[in-house]
Amino acid sequence: MKSNEAYFFFYTTTNDDGNLTDLGAVMAEFPLDPQLAKMLIASCNHNCSNEILSITAMLSVPQCFVRPNEARKAADEAKMRFAHIDGDHLTLLNVYHAFKQNMEDPHWCYDNFINYRSLKSGDNVRQQLSRIMDRFNLKRTSTEFTSKDYYINIRKALVNGFFMQVAHLERTGHYLTVKDNQVVQLHPSTCLDHKPDWVIYNEFVLTTKNYIRTVTDIKREYIGTDNQVALLII
């Protein structure tokens, strides 16, 4: 993994003199990894900062899905009820929305194999991040849910943060990370039931194989020319 200093370089948060840019100064105020802070700030430009707030909060707390040994099948079925076709980040958003719609009920969490403490912690993180956004006049907005751009905008904002964590599907059927050409596979826990050409991932997991975990389907054009990783893509 890159150090935080290296991430800050890639996120262009320092100028030629080594001082923080305006973006870097705001990012530094968030108690988040740089990619999450960048994603959250960028979401304001994609009209989806409410949703990215929720996703960021969910990524900042322990795993929300419970999978007890004695009820794995039931737990897997429950998880799939929240699954989004485009991947795991949007699945986490579905979980958070359902938690709020069910009045943060711990019994609902138990029935759906959801870790109540993780969701409550995530909600607290979200409130904390919201206050920081307000301090810097970062608007909390959403695209209309009925709009075709609702999920597209969220995925574009995800790429703004995780552009150094992109992988491409090769003809051999495995994925190759764009940053360092690591051969990887989608983690078995993913909600994706297909292999997209391009994905962003939240973490790299090394076991007997190289896995990328918490992944979402993206389009090549979402990466754009303003992100340095685009220079690595031929």
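Quick one: how many residues across the stretch 76-96 are surrounded by 18 or more Cβ atoms within 10 Å (Cβ to Cβ) and in contact with a strand residue (DSSP E or B) (Cβ under 7 Å, 6 or more places away or on another chain)?
Selection size over the stretch 76-96: 8.
Read through the list (1) part of a strand (DSSP E or B); (2) of a type outside the set (Lys, Arg); (3) buried (at least 21 other Cβ atoms within 10 Å of the Cβ), then give the number of the only condition that ILE154 fails.
It fails just one condition, (1).
Look at the stretch 160-216 and say how many of its residues are basic (Lys, Arg), outside any strand (DSSP E or B) and in contact with a strand residue (DSSP E or B) (Cβ under 9 Å, 6 or more places away or on another chain). Steps first, answer last, please.
Start the filter on the stretch 160-216 by keeping residues that are basic (Lys, Arg), which leaves 171, 179, 195, 209, 213.
Checking which are outside any strand (DSSP E or B) leaves us with 171, 179, 195, 209.
Next, only the ones that are in contact with a strand residue (DSSP E or B) (Cβ under 9 Å, 6 or more places away or on another chain) stay: 179, 195, 209.
Count: 3.
Out of THR190, THR172, report the one residue that is β-branched (Val, Ile, Thr) and over 28 Å from HIS97 (Cβ atoms). First the steps, then the outcome.
Numbers: THR190 fails: over 28 Å from HIS97 (Cβ atoms).
Selected residue: THR172, the only one of THR190, THR172 that is β-branched (Val, Ile, Thr) and over 28 Å from HIS97 (Cβ atoms).
Residue-wise test of (1) surrounded by 17 or more Cβ atoms within 10 Å (Cβ to Cβ); (2) more than 20 Å from LYS156 (Cα to Cα); (3) among the basic types (Lys, Arg); (4) at pLDDT below 95.
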{"site": "SER189", "(1), (2), (3), (4)": "no, yes, no, no"}
{"site": "PRO196", "(1), (2), (3), (4)": "yes, no, no, no"}
{"site": "THR207", "(1), (2), (3), (4)": "no, yes, no, yes"}
{"site": "THR214", "(1), (2), (3), (4)": "yes, no, no, no"}
{"site": "LYS219", "(1), (2), (3), (4)": "no, no, yes, no"}
{"site": "ASP226", "(1), (2), (3), (4)": "no, no, no, yes"}
{"site": "ILE233", "(1), (2), (3), (4)": "no, no, no, yes"}
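Kindly indicate whether any position in the stretch 115-135 is outside any helix (DSSP H, G or I), touching a residue at least 40 places away in the same chain (Cβ under 8 Å) and not hydroxyl-bearing (Ser, Thr, Tyr).
Restricting attention to the stretch 115-135, the residues satisfying the condition of being outside any helix (DSSP H, G or I) are 115.
Subsequent filtering for residues that are touching a residue at least 40 places away in the same chain (Cβ under 8 Å) retains 115.
Add one more test, that the residue is not hydroxyl-bearing (Ser, Thr, Tyr), and what stays is 115.
Looking for residues that are outside any helix (DSSP H, G or I), touching a residue at least 40 places away in the same chain (Cβ under 8 Å) and not hydroxyl-bearing (Ser, Thr, Tyr), one finds at least one in the stretch 115-135, hence yes.
In the set ASN160, ASN210, ASN137, which member is polar (S, T, N, Q), out of contact with any Asp or Glu (no Cβ under 8 Å at 6 or more places or on another chain) and more than 16 Å from LEU40 (Cα to Cα)?
Numbers: ASN160 fails: more than 16 Å from LEU40 (Cα to Cα); ASN137 fails: more than 16 Å from LEU40 (Cα to Cα).
Result: ASN210 is the single residue among ASN160, ASN210, ASN137 that is polar (S, T, N, Q), out of contact with any Asp or Glu (no Cβ under 8 Å at 6 or more places or on another chain) and more than 16 Å from LEU40 (Cα to Cα).
Which one is surrounded by the most Cβ atoms within 10 Å (Cβ to Cβ), of the residues in the stretch 109-142 that are β-branched (Val, Ile, Thr) and more than 26 Å from LYS73 (Cα to Cα)?
First, the residues of the stretch 109-142 that are β-branched (Val, Ile, Thr): 114, 125, 132, 141.
In the following step, the residues that additionally are more than 26 Å from LYS73 (Cα to Cα) were identified as 125, 132, 141.
Numbers: VAL125: 20, ILE132: 16, THR141: 15.
Residue satisfying both the conditions and the ranking: VAL125.
Please indicate, with yes or no, whether at least one residue in the stretch 85-108 is acidic (Asp, Glu), under 16 Å from the mean Cα position of the chain (by Cα) and at pLDDT 95 or above.
Step one: list which residues in the stretch 85-108 are acidic (Asp, Glu), which gives 86, 88, 104-105.
Filter again for under 16 Å from the mean Cα position of the chain (by Cα), leaving 86, 88.
Now drop any that are not at pLDDT 95 or above, which leaves 86, 88.
The answer is yes, given that some residue of the stretch 85-108 is acidic (Asp, Glu), under 16 Å from the mean Cα position of the chain (by Cα) and at pLDDT 95 or above.
Being over 19 Å from the mean Cα position of the chain (by Cα) and within 17 Å of CYS48 (Cα to Cα), is that true of even one residue in the stretch 147-167? Explain how you work it out, then say what you get.
Keep residues of the stretch 147-167 that are over 19 Å from the mean Cα position of the chain (by Cα), which gives 147-148.
Restricting the remaining residues to those that are within 17 Å of CYS48 (Cα to Cα) gives 147-148.
Scanning the stretch 147-167, I find at least one residue that is over 19 Å from the mean Cα position of the chain (by Cα) and within 17 Å of CYS48 (Cα to Cα), so the answer is yes.
Which ones in the stretch 1-43 are in a helix (DSSP H, G or I), crowded, with 18+ Cβ neighbours inside 10 Å, modelled with pLDDT of 65 or more and over 15 Å from the mean Cα position of the chain (by Cα)?
Residues of the stretch 1-43 in a helix (DSSP H, G or I): 4-10, 22-27, 34-43.
Narrowing the set further to residues that are crowded, with 18+ Cβ neighbours inside 10 Å leaves 7-8, 24, 26-27, 34-43.
Now restrict to residues that are modelled with pLDDT of 65 or more: 24, 26-27, 34-43.
Of everything in the stretch 1-43, those that are in a helix (DSSP H, G or I), crowded, with 18+ Cβ neighbours inside 10 Å, modelled with pLDDT of 65 or more and over 15 Å from the mean Cα position of the chain (by Cα) turn out to be GLY24, VAL26, MET27.
The values are calculated or read from the model by the stated rules, or taken from the named source; none is laboratory data. This structure is a prediction, so every number in the text was calculated from the model and none was measured. Cβ coordinates were reconstructed from backbone atoms using ideal geometry, including for glycine residues, and neighbour counts include every protein chain displayed.
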